[in-house]
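The values are calculated or read from the model by the stated rules, or taken from the named source; none is laboratory data. The model shown is predicted, which means the values in this text are computed figures rather than measured ones. Note that we place each Cβ from the backbone using ideal geometry, even for glycine, and neighbour counts take in every protein chain shown. Side chains included, ligands, DNA and RNA excluded: accessible areas come from the protein's heavy atoms. Shrake-Rupley method; radii C 1.70, N 1.55, O 1.52, S 1.80 Å.
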Amino acid sequence: MENVMKTEQGQTAAGLTRRGFLGALGVAAAAAAGASLAGCAPQGATANAAVGVPESWDYECDVAVVGSGTVLTGAGKAAAEGDRVIIIEAADKTGGTTATSNGQTWMPLNSTAMADNLDDRDDALAYITATAAGKSTPEILEAFLTYGPEAIDFLAETADLSWEISPRIDYHYDVFPGAKDQVRTIAPVGKQSTEAGQMTGAFGTTSSGAFVTDPLANGIVEKYGGEILTNTTAKRLITRTTDDGTAEVIGLQAETKNGKTVSIKASKAVILGAGGFGWNDDMKRQYMEIPANRTMEVATCKGEGILMGQAVGADLDLMSYAWGQVVCVDPADMPYHEWCDAPTEYNDFGLGTFYGLMCKAGSCVLNKFGRRFMDEAVDYDSLWHGFWGRDLGLSGDEEGATYGTSWTNIPAFYICDSTVADAENSTMRDANGDVCSWVAYQADTLEALLDQIPFRDAYARETALKTIQSYNEYAAQGVDPELHRGETKWDQGGTSRPESCLAPIEAGPFYCVICEPYPMCTKGGLKVNEKAEVISVTGEVIPRLYASGNNAGIGGPGLFYNGAGGTLGPGFAFSYIAGMNATALSPWE
């Protein structure tokens, strides 16, 4: 979408009074507190330092919205209530990472399901309480269930679409109470999806997040008179000090494609929805524990919205976590090192390729000690969590190795036999039927394969053989007493899962793929409450500042992925909540 915003010369603001000057100092002090309590801001973060009231405004609105992914929901809500809305988007088009997703959305109590009484609030609350794993609050969970379905209905009206239930099972079915099958994941159906011949299967789906963001952006402009600035990057929040000495957010500064700095007045609020920090290597090195030099976020996700919030004293939440996935390691990148020196790269190795192999019968995953360490057939986000853990000891068995800590399970080694590699439509083979280049090792015997794999030492290689022999004995009986693979509906026959995920690894030749976890998107961001208000490091609300999506540390809500579309659901919900609360505010002047 092209820039549809016309420049308006705003009213001249009053010069800074002594109170205003002191207020600006207070904001700087808050930012310093944020650096000490929430972790020092990464190198270069001073570019996002807050500024005081400008002498004049280049643009004026009631609600300024940063980003154009799921946060468009909040923009639309504010615009629908009659507020003047300006959307600031760093890219040359709207949609963000949301538009690159398949658009399927995890939303309990959605209207489509409730029309047939398929869901229950008590079940939904029990399930999200379990998946939050103590990383959310009861108030946030309740707000998600209350306003999330309302947000989905609002999207249908504003973006002129409907929702249909997708054949997806909650990821933790048979594990956590209240899980459902083919109830909570919904797919958008509208003009674009109909033209595309939409199908809502698991992989190869024609559903798209753009089926929501494109008509939603158009609806905001055409139905409600909203305005969009593309090729414009939000950089700094503008603050002033109120009569009671509180610093509040009243607008923002942004930079255009041509390098011009513009000041945007927001008489009611600013909503930050600029995505995560997948393309900010400094922030990832500072906050994330698991190596993370790949991402599926769009290139504008550089953490700007998070840094802007920190500059006014915002606290952070869930910064070390991600919406996780597992991917192969190029054999050319071995020997493996803790943090790749190369900068972040976009991961186009889709969900249906290597991840789809993890659950195949006739395979398992070993760590450098030659041991299995997780149920390989679980959902991709749970796989990511399964890689956590460090050990103390030699960093290798080569001459000159040093002592220290290293990842126990990174990299890991996916072992399989020919029943996986030679299966119909196997992703281990290219269009010509040849074994793909990312398959690191192969051999006619299991022993010869294990001899090629860079385990920690000779003892680990011996352990690996014993591990597979033990696994084979159990798999032949259709059980996994060690890690319980195959005991849930997800493992056995879940979405795009085999009817059986257990079988011995015994039909040569044998293959090994080196694998590692990576964040599809970062999960952490600004700490918010159930109203999507940003919270300071001292636990207070930062007036007139809201955040949602991966710009906020909301998560699923909380720690785990609830089901397919588990990122979009909370993003839509808390963006809507932000817009709902922002529009209820009185203008600051």
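When restricted to residues that are over 12 Å from the mean Cα position of the chain (by Cα), assigned to a strand (DSSP E or B) and in contact (Cβ under 8 Å) with a residue 60 or more places away in the chain, segment 529-557 contains 9. Taken together, Val51, Val65, Val27 contain a single residue that is modelled with pLDDT under 50 and not polar (S, T, N, Q), which is Val27. On inspection, Asp281 does not qualify as free of Cβ contacts under 8 Å to residues at least 40 places away in the same chain, of a type in the set (Asp, Glu), farther than 25 Å from Gly52 by Cα and open to solvent by 10 Å² or more (accessible area, probe 1.4 Å).
The rows are residues; the columns are (1) part of a strand (DSSP E or B); (2) farther than 21 Å from Lys302 by Cβ; (3) without any contact (Cβ under 8 Å) to a residue 60 or more places away in the chain; (4) in contact with a strand residue (DSSP E or B) (Cβ under 9 Å, 6 or more places away or on another chain).
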{"site": "Gly69", "(1), (2), (3), (4)": "no, no, no, no"}
{"site": "Gly76", "(1), (2), (3), (4)": "no, yes, no, yes"}
{"site": "Thr97", "(1), (2), (3), (4)": "no, no, no, yes"}
{"site": "Asn102", "(1), (2), (3), (4)": "no, yes, no, yes"}
{"site": "Leu118", "(1), (2), (3), (4)": "no, yes, no, yes"}
{"site": "Asp122", "(1), (2), (3), (4)": "no, yes, yes, no"}
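In the condition set (1) aliphatic (A, V, I, L, M); (2) part of a loop (DSSP other than H, G, I, E, B); (3) modelled with pLDDT of 95 or more, Ala464 is compliant with all but (2).
A residue that is at pLDDT below 95 and more than 23 Å from Gly69 (Cα to Cα) occurs nowhere in segment 156-163. Going through (1) more than 30 Å from Thr261 (Cα to Cα); (2) open to solvent by 30 Å² or more (accessible area, probe 1.4 Å) one by one, Ile128 falls short only on (2).
Residues of segment 462-495 that are exposed (fewer than 15 other Cβ atoms within 10 Å of the Cβ), in contact (Cβ under 8 Å) with a residue 12 or more places away in the chain and in contact with a Phe, Trp or Tyr (Cβ under 8 Å, 6 or more places away or on another chain): Glu482 alone.
Considering only residues in segment 321-336 that are open to solvent by less than 30 Å² (accessible area, probe 1.4 Å) and under 19 Å from the mean Cα position of the chain (by Cα), the one that is modelled with the lowest pLDDT turns out to be Val327. So which residues in segment 404-424 are at pLDDT below 90 and assigned to a strand (DSSP E or B), if there are any at all? Once the filter is applied, which keeps residues that are at pLDDT below 90 and assigned to a strand (DSSP E or B), segment 404-424 yields Gly404, Thr405, Ser406, Trp407.
Scanning segment 519-531 for residues that are surrounded by 24 or more Cβ atoms within 10 Å (Cβ to Cβ) and farther than 14 Å from Ile306 by Cα yields a total of 2.
Which of the residues that make up segment 176-192 are in a loop (DSSP other than H, G, I, E, B) and modelled with pLDDT under 95? Of everything in segment 176-192, those that are in a loop (DSSP other than H, G, I, E, B) and modelled with pLDDT under 95 turn out to be Gln182, Gly190. From the list Ala443, Ala448, Ala476, Ala458, the one residue that fits, being among the small types (Gly, Ala, Ser) and within 15 Å of Asn367 (Cα to Cα), is Ala458. One residue alone among Val249, Val212 is surrounded by 18 or more Cβ atoms within 10 Å (Cβ to Cβ), closer than 30 Å to Glu304 by Cα, at pLDDT below 95 and of a type in the set (A, V, I, L, M), and that residue is Val212.
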